[in-house]
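Just so you know, all these numbers are worked out from the coordinates, no wet-lab data involved. Quick caveat: nothing in here was measured; it's all calculated off a predicted structure. Here the Cβ is made from the backbone with ideal geometry for all residues, glycine too, and neighbour counts use every protein chain on show.
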Amino acid sequence: MLSWVNVLLLVSYGACAPQSYDVIVVGLGSSGVTAASILAKAGKKVLGLEAMDRIGGRVKTVPFGDGIIEEGAEWIHGTENSRVYDLATENNITGPDPSFKSEGDYLTAEILSYIKKNYPHLENDKVFIDQVLDLMNLFVNAYEASNDWHDVTTQSSAEGLGGHQHTSWHKHGYKTFFELMLNTYKNGPGLPNLDIKLSTEVSQIVWPKDGSGDVKVSCTDGSTYTAKHVIVTVSLGVLKERYTTMFSPVLPDEKITSIQKMSLGLVNKVILRFPQRFWVENTVYVLVEVDNDGEDLWFTKHGDISTPMALDTALTIWLAGDAAKTTENLSDEVVLDKSMKLLRRFLGQNYTIPEPTGMIRSKWYSNAYTRGSYTFDNLEAPKHPKLRENLGAPLIDAKGIPRVLFAGEATNPIHYATVHGASETGHREAMRIFKSKWYSNPYTRGSYTFDNLETPKYPKARETLGSPLLDANGVPRILFAGEATNPKEYGTVHGASETGHREAMRLLK
Ligand SMILES: Cc1cc2nc3c(=O)[nH]c(=O)nc-3n(C[C@H](O)[C@H](O)[C@H](O)COP(=O)(O)OP(=O)(O)OC[C@H]3O[C@@H](n4cnc5c(N)ncnc54)[C@H](O)[C@@H]3O)c2cc1C
């Protein structure tokens, strides 16, 4: 009878035991999919947990009419050393779009040369110059996702990749980047070592600071999973909202400082589709409202309007900062109505503007799994130059193993706010896990020593290992340090340090 009870208990325990993996990746945006696919391809058993019902995070390709548009990232910024561009070109998907210059370069050059050539007397017109500055402010915000250009430091650590700044995935959509990494492009079979669970929101990550056991990941649907390592890729906005409850034990102070001091900006798109193009090809319309004659604030803060890379019968109205946030709470009817009024006010004299056949708009702030679009360097950044590095630093257990690792665009010190920058951080953390394979590493071949069954027979084994080679005059010529040579405090960082000190002292004597 007793044995049956045991069997039943074992069976039921087996059914409830959390599934175990080598690595769990929390979030499947650019950084998460990069890390998960690299690790799975290298033979690790990987689980990707994604709160949304789709892969891509802040990359979101959406069908629109007979084409597609991008609610999030649109361009491949830079072609040199870009993981994104390389993957696109290796698969013959994209090439440069030579007709499309960067907005900053294009507009600055155009406006200044236009004023100089046509209206030199305006160069000293304060009102006019202020209006131009307002306009440039809007542009900076639309680019940086900030609310005001005074919030953005000029000492930004951002670096662009070389090469053309505005290539794209065209009609294939940015989603193709993920399909290629996950081997699902053109109905590919996926990656056998990678399990993916969508609509699975991680609520808590408990990690063994003392190095015993696995990291435990709990989800809001009640499921739990364990792994040797967990890579967290959620956005800065999600960390700001959840860091106190999401991690146990609590995060170190430096990481909390990064979370609190860094800024996640907001950019949103309102995309209108028309029955046919009514505007001139490759023109970026610059709309700036000078007098606010009683309109809502958001309606007067438009930087520019552009044509989406993948659908040339649509127009994207860009909104940034508070204007973008306010708009998220308005109904589709209001946003559509105001957007059309805006277009007609500025373009109606030159074009007959038809009614749109559809509208899609992003809400990156309301989305509980993003809470914004991308980070910018605020005024705190120059005072705390290690904010991004500290955000991306792993939580390391007592044995020196990185247990909870952090990726995501915000953790990239120079290529933040981009898809390629996020992808680089996923690669970085996958490599960190490989480096923690202490046995495969030819320069470690293991993690630390323990006293085995031979030890009692050779009680002086550690002292002998640590004894120097003396020359004929008794001078120590080759000395040995390292945790294994410490008779009492072996297997520890401080024990290893003691042996370094010991051998240095031996030389000084
Ligand atoms: C409007 C807009 C335009 C942009 N334009 C460009 C552009 O043209 N070019 C460019 O290079 N970049 C652009 N970007 C920036 C780029 O999209 C991001 O930098 C990049 O996609 C971020 O990737 P990530 O992996 O760091 O984070 P994310 O993509 O945010 O991935 C994190 C994932 O974690 C998931 N998650 C969050 N919380 C949980 C939880 N509790 N449990 C499980 N999963 C969770 C999220 O759902 C998400 O899928 C743009 C972004 C926006 C919003």
Checklist entry - Quick one: if you stick a label point 7 Å off each Cα along the C-beta vector at ARG477 and GLU80, how many nm between them? => result 5.1
Checklist entry - What is the distance, in nm, between label points placed 7 Å from the Cα along the Cα-to-Cβ direction at ASP53 and at ALA398? => result 4.6
Item to check | Stretch gain in nm, segment LYS363-SER212, where the contour uses 0.36 nm per residue and the Cα spacing is subtracted | outcome: 50.2 nm
Item to check | Neighbour-count order for SER30, SER362, SER146, fewest beta carbons within 10 angstrom listed first | outcome: SER146, SER362, SER30
Checklist entry - What is the distance, in nm, between label points placed 7 Å from the Cα along the Cα-to-Cβ direction at SER331 and at GLN204? => result 4.2
Checklist outcome for this item: Counting only DSSP loop positions in the stretch 140-228, the trypsin sites (Lys or Arg not before Pro) whose Cβ has at most 14 other Cβ atoms within 10 Å are LYS209
Checklist entry - So how do VAL334, VAL26, VAL419 line up by other beta-carbon neighbours within 10 Å, fewest first? => result VAL334, VAL26, VAL419
Checklist entry - Can you give the percent of C-alpha pairs in the stretch 13-77 whose distance is more than 19 Å? => result 49
Checklist entry - Any idea how far the Cα center of the stretch 465-509 sits from the one of the stretch 365-411, in Å? => result 39
Checklist entry - Got the relative contact order for the stretch 455-508 handy, in percent, Cα pairs under 8 Å and 6 or more residues apart? => result 26
Checklist entry - How far, in nm, would the chain grow between ASP253 and LEU508 when pulled straight, counting 0.36 nm per residue and subtracting the alpha carbon separation? => result 87.9 nm
Item to check | Pairwise FRET efficiency - THR220 versus ALA17, Cβ, R0 = 22 Å, nearest 0.05 | outcome: 0.65
Checklist entry - For the stretch 455-508, what does the alpha-carbon gyration tensor say about shape, rounded, prolate or oblate, given a ≥ b ≥ c as the root eigenvalues, a/c under 1.5 as rounded, and a/b over b/c as prolate? => result oblate
Item to check | Set LYS60/LYS197; LYS228/LYS435; LYS197/LYS399; LYS175/LYS240; LYS209/LYS261 screened for pairs whose C-alpha atoms are more than 22 Å apart | outcome: LYS197/LYS399; LYS175/LYS240; LYS209/LYS261
